[in-house]
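Undergrad: This structure is in structure tokens; I'll ask about it shortly.
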2 protein chains.
Amino acid sequence: MTKKTAPAPPTLNMLAALPPPGADEAVEMLLQGDGVRVERIVSHGQSSPDGYWYDQDEAEWVLVLSGRARLTIEGEAEDRALGPGDSVFLPAHCRHRVAWTEPGAATVWLAIFVDAELAPEPAA
Amino acid sequence: MTKKTAPAPPTLNMLAALPPPGADEAVEMLLQGDGVRVERIVSHGQSSPDGYWYDQDEAEWVLVLSGRARLTIEGEAEDRALGPGDSVFLPAHCRHRVAWTEPGAATVWLAIFVDAELAPEPAA
């Protein structure tokens, strides 16, 4: 007899059912496990507050699904200009900030956060 | 003094540098941790062999970035038709197969695999 498994939940489109523009970016949890989580983040022209740096205990792998953004990574000479399909791996405690997102449009990010204890590394 | 962190590797575009069509799907590791890995999978019309079912110890969250596919999930009355932005959560041991991918085009998948021990769950 086949082992019982949980059913697959309905298909979700990452580019649909976008939250409306608001004061802040909209963050939705998609998948949560012990030490790993996946979020959809939707920006409508927001950027990180002046002088604010993300400095996370987790590694982050982030992918732009639609829209455009500029990401500042501490120690890099120039911002990274990101558009659809662009992905960046940010090691734990790699300080970064969102310098700009496209105004008047939705920039949709997929972000995977992995605890440093799970030793996440980008493939060579 | 700031703690030393690993530098962020170069930006990678998921829709660029696509592998050419071949006999098999092309699988590239993007991120690897203990119990979690992220892959880019590029299909050029391939489907799962007749009668073959994926039956994985890991949960999988899969997202179509470009192209089109049909996914069969055991016990569901109809295949799921997937296009850009569509995501599906497949619990561990949820048997599934790729019934079809678009011929003459690249179907680009992002797949996140998480060990069942990390108790991955889709958000409600």
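The values are calculated or read from the model by the stated rules, or taken from the named source; none is laboratory data. Since the model is a prediction, treat every value here as computed from it, not as a measurement. All Cβ positions, glycine included, derive from the backbone under ideal geometry; neighbour counts span all protein chains shown.
Let's see how each residue does on (1) in contact with a Lys or Arg (Cβ under 7 Å, 6 or more places away or on another chain); (2) under 27 Å from A:Leu30 (Cα atoms):
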{"residue": "B:Ala6", "(1), (2)": "no, no"}
{"residue": "B:Thr11", "(1), (2)": "yes, yes"}
{"residue": "B:Asp24", "(1), (2)": "no, no"}
{"residue": "B:Ile41", "(1), (2)": "no, yes"}
{"residue": "B:Gly45", "(1), (2)": "no, no"}
{"residue": "B:Tyr54", "(1), (2)": "yes, yes"}
{"residue": "B:Val64", "(1), (2)": "no, yes"}
{"residue": "B:Glu78", "(1), (2)": "no, yes"}
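Undergrad: Please tell me if B:Gly104 is more than 9 Å from chain A (Cβ to nearest Cβ) and at negative phi.
TA: no
Undergrad: Against the definition (more than 8 Å from every other protein chain (Cβ to nearest Cβ) and basic (Lys, Arg)), how does A:Arg37 come out, yes or no?
TA: yes
Undergrad: Among the candidates A:Ala26, A:Ala69, which residue alone is more than 9 Å from every other protein chain (Cβ to nearest Cβ), closer than 25 Å to B:Pro9 by Cα and modelled with pLDDT of 95 or more?
TA: Going through A:Ala26, A:Ala69 in turn, just one is more than 9 Å from every other protein chain (Cβ to nearest Cβ), closer than 25 Å to B:Pro9 by Cα and modelled with pLDDT of 95 or more: A:Ala69.
Undergrad: Does B:Ala59 satisfy the condition of being under 22 Å from A:Leu30 (Cβ atoms), touching a residue at least 24 places away in the same chain (Cβ under 8 Å) and either under 11 Å from the mean Cα position of the chain (by Cα) or facing another protein chain (nearest Cβ under 9 Å) (or both)?
TA: yes
Undergrad: Then there's this: Tell me the residue from B:Ala16, B:Ala123 that is at pLDDT below 95 and within 9 Å of another protein chain (Cβ to nearest Cβ), please.
TA: B:Ala123
Undergrad: Which one of these does B:Ala81 not meet: (1) in contact (Cβ under 8 Å) with a residue 24 or more places away in the chain; (2) out of contact with any helix residue (DSSP H, G or I) (no Cβ under 9 Å at 6 or more places or on another chain)?
TA: B:Ala81 satisfies every listed condition except (1).
Undergrad: If I ask for residues that are within 17 Å of B:Val42 (Cα to Cα), within 15 Å of the chain's Cα centre (by Cα) and crowded, with 16+ Cβ neighbours inside 10 Å, which ones from the range B:97-124 would you list?
TA: Answer for the range B:97-124, where residues must be within 17 Å of B:Val42 (Cα to Cα), within 15 Å of the chain's Cα centre (by Cα) and crowded, with 16+ Cβ neighbours inside 10 Å: B:Arg97, B:Val98, B:Trp100, B:Thr101, B:Ala106, B:Thr107, B:Val108, B:Trp109, B:Leu110, B:Ala111, B:Ile112, B:Phe113.
Undergrad: Are there any strands (runs of 3 or more DSSP E) wholly within the range A:1-96 with 2 or more residues that are of a type in the set (Gly, Ala, Ser) and surrounded by 15 or more Cβ atoms within 10 Å (Cβ to Cβ), and if so which?
TA: Strands (runs of 3 or more DSSP E) meeting the threshold: A:26-33, A:58-66.
Undergrad: To continue, here is another question. Whether any residue in the range A:80-94 is of a type in the set (D, E, K, R) and more than 7 Å from chain B (Cβ to nearest Cβ) is what I want to check.
TA: Among the residues of the range A:80-94, not one is of a type in the set (D, E, K, R) and more than 7 Å from chain B (Cβ to nearest Cβ), which makes the answer no.
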